[in-house]
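The values are calculated or read from the model by the stated rules, or taken from the named source; none is laboratory data. Because the structure is predicted, anything quoted here is derived from the model rather than measured. Counting neighbours? That spans all protein chains shown, and the Cβs are built from the backbone with ideal geometry, glycine included.
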Amino acid sequence: MKHFPVLSLATLATAAIPLVSLRAAGMTTEDFSGPLESGWKVTDGNWSVKEGRATAEGKFSRLERKDLSAADVEVTADVAYHHDAPHAAVGIQVRLGDDGTGYAVCLREVERGVDPKHGPWERPLLQLMRMEVGGWKLLQEAKVMDCRDGEMRKIKVQAKG
């Protein structure tokens, strides 16, 4: 049987994640009022708790919750990315295998620019991806209206079966 760390929060930018609600065998809500040592493991990047938010600084960062082992999981997280270049991303990874496979749902800024008449613009997407041994496979994506750098958005993931 494959071992699944139930949850990973990942970012490809500076990110802030103030609240995570997990529903598996029981229900846990993490408000990041204490240190990250309470059930979270930093596997990539530099994470810290600032003003009740788990914050990642720098490039790719990943924070894992390893104390849950249910196959079915529901995760809700308020997330935001902060970056001055395109391709910033922040999201939730579920059903991660020891071989690096699993699924990711992320809010990703794919383009940004400045219109001479209307000012700055961004094109953010919500993407569902499968992480395979050979790389990432995009399964689905949708535009996200009124989403901007630094604004909190709620992401919810359910994995069943």
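Structural remarks
Let's see how each residue does on (1) under 18 Å from the mean Cα position of the chain (by Cα); (2) closer than 27 Å to Glu74 by Cβ; (3) at pLDDT below 80:
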site	(1), (2), (3)
His118	no, no, no
Pro124	yes, yes, no
Gln127	yes, yes, no
Ala142	yes, yes, no
Gly150	yes, yes, yes
Gln158	yes, yes, no
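- Strands (runs of 3 or more DSSP E) (entirely within segment 75-161) containing at least 3 residues that are crowded, with 17+ Cβ neighbours inside 10 Å and of a type in the set (A, V, I, L, M, F, W, C): 89-94, 102-115, 119-132, 153-159
- Residue within segment 5-17 that is under 15 Å from the mean Cα position of the chain (by Cα), at pLDDT 75 or above and either in a strand (DSSP E or B) or surrounded by fewer than 17 Cβ atoms within 10 Å (Cβ to Cβ) (or both) present: no
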